[in-house]
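Peer 1: The structure under discussion is supplied below as structure tokens; questions concerning it will follow.
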Amino acid sequence: MRNITIILAASGWGAGKFGTADGAMTVLQKQLLNNLLNDHRIQGEVYFANWHFNSCQNSQDYPIQQRRNHVLQVGRWIHNIAERTIQQGNFLLVIGGDHSIAMATWSGVKDANCDFGLLWIDAHMDAHTYETTVSNNPHGMPAAVLLGKGDHDFVHLARNPPVLKPNALIQTGIRSYEIEEEMLLKHLGVEVGYHKEREAYNGYENFLKSREHLLKSNPSFGISLDIDGIDPAYCPGTGTPEGRGLELDDVTEFLKGVIFNSKCIGLEIVEYNPTLDQNNFTFEAMKKIIDIIKT
Ligand SMILES: [Mn+2]
């Protein structure tokens, strides 16, 4: 029996468009968790919270400080549940929502006295701070925050920051970033898997290598999956799509049965924005991803 705690965080406060919040909403309403929750090998509990009155609004219509405060509120909620989840030995599944929630997810895991490495699957580095950001969107900052850089309160969602030492983070799928982000990660010595040559790329092998590498210096690992890391041909429903992305099959193959892998502490899936979907492609991809983790 595997105990699993699922957090559905309907928050787009860290993104440009609040529609990202509808990702968690859709997963709930369209019952994408049913196969997980009805599996006799799994004992699941679900936490859901919606942080918007109107997800049709743009976050740019709100002051930066207010958006930041909401990101912190959502973050404290997630942190507390994540911490308890890991203390209880449960598998943690977080579904967003935008990627700013990663600050909280992995801060909570760390505060449960868990040593882990994090595989970051994304088109973007998300290594901005308020000093370098162009958009002022916190979902471009979580990797920096987890490394102890940037906004003081974001960093201190964790009791003892930084959450990650540079060798406990590996990024993959990266193909869109600003020079300031690259400089920060290079300076710290984080391993970045660039994804510019799609043809020459062996996605699945690469995931396995990254996991092995993380497990050399960490007893366990977690996965932060930004679905914009996957090619927009499969996942067009996301706020900042980038072409020439990862193969969906590589990602699902890697995630196969992951909740029964005792070395894997948790998975986070973020940036699904159903309002931007085309032909339900992203919906179907989400369904596939959620089902495969118990297969
Ligand atoms: Mn991201």
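Just so you know, all these numbers are worked out from the coordinates, no wet-lab data involved. As the structure is a prediction and not an experimental result, all values here were calculated from the model. Here Cβ is always computed from backbone atoms with ideal geometry, including for glycine, and neighbour counts include all displayed protein chains.
Peer 1: Do the conditions hold for V145, that is, is it within 16 Å of the ligand (Cβ to nearest atom), closer than 21 Å to A15 by Cβ and not small (G, A, S)?
Peer 2: yes
Peer 1: Can you pull out every residue in segment 120-132 that is away from the ligand (no atom under 13 Å from the Cβ) and either more than 17 Å from E178 (Cα to Cα) or not charged (D, E, K, R) (or both)?
Peer 2: Answer for segment 120-132, where residues must be away from the ligand (no atom under 13 Å from the Cβ) and either more than 17 Å from E178 (Cα to Cα) or not charged (D, E, K, R) (or both): T129, Y130, T132.
Peer 1: Separate question: Between residues in segment 91-102 that are within 21 Å of G150 (Cα to Cα) and residues that are more than 9 Å from the ligand (Cβ to nearest atom) and charged (D, E, K, R), which pairs lie under 7 Å by C-beta distance while being six or more apart or on different chains?
Peer 2: Sorted first by the residue in segment 91-102, then by its partner, the pairs are A102/E268.
Peer 1: How many residues does segment 219-246 hold that are away from the ligand (no atom under 14 Å from the Cβ) and under 9 Å from E271 (Cα atoms)?
Peer 2: 1
Peer 1: Output the residues belonging to segment 1-27 that are within 9 Å of G97 (Cα to Cα) and not in a helix (DSSP H, G or I).
Peer 2: Once the filter is applied, which keeps residues that are within 9 Å of G97 (Cα to Cα) and not in a helix (DSSP H, G or I), segment 1-27 yields L8, A9, A10, S11, G12, W13, G14, A15.
Peer 1: Still on this model: Taking segment 213-244 as the region of interest, how many residues are part of a strand (DSSP E or B) and of a type in the set (A, V, I, L, M)?
Peer 2: The qualifying residues number 3.
Peer 1: Then there's this: In segment 97-115, what residues are surrounded by 24 or more Cβ atoms within 10 Å (Cβ to Cβ), more than 10 Å from the ligand (Cβ to nearest atom) and more than 16 Å from P241 (Cα to Cα)?
Peer 2: We begin by selecting, within segment 97-115, every residue surrounded by 24 or more Cβ atoms within 10 Å (Cβ to Cβ); these are 97-110.
Then keep just the ones that are more than 10 Å from the ligand (Cβ to nearest atom); that gives 97, 101, 103-110.
Matches in segment 97-115: I101, M103, A104, T105, W106, S107, G108, V109, K110.
Peer 1: I174: touching a Ser or Thr at 6+ places or on another chain (Cβ under 7 Å) and either within 23 Å of P241 (Cβ to Cβ) or without any contact (Cβ under 8 Å) to a residue 60 or more places away in the chain (or both), yes or no?
Peer 2: On the way: touching a Ser or Thr at 6+ places or on another chain (Cβ under 7 Å): no; either within 23 Å of P241 (Cβ to Cβ) or without any contact (Cβ under 8 Å) to a residue 60 or more places away in the chain (or both): yes.
No; evaluated as a whole, the condition is false for this residue.
Peer 1: Out of the residues in segment 127-161 that are hydrophobic (A, V, I, L, M, F, W, C), part of a loop (DSSP other than H, G, I, E, B) and touching a Gly at 6+ places or on another chain (Cβ under 9 Å), which is nearest to E271 (Cα to Cα)?
Peer 2: Looking at the filtered set, the residue picked out is M141.
Peer 1: Kindly provide the set of residues from segment 28-52 that are touching a residue at least 60 places away in the same chain (Cβ under 8 Å) and either of a type outside the set (A, V, I, L, M, F, W, C) or more than 16 Å from L92 (Cα to Cα) (or both), ordered by number.
Peer 2: Step one: list which residues in segment 28-52 are touching a residue at least 60 places away in the same chain (Cβ under 8 Å), which gives 30, 32-33, 35-36, 39, 41-42.
Residues satisfying the conditions are K30, L32, N35, D39, R41.
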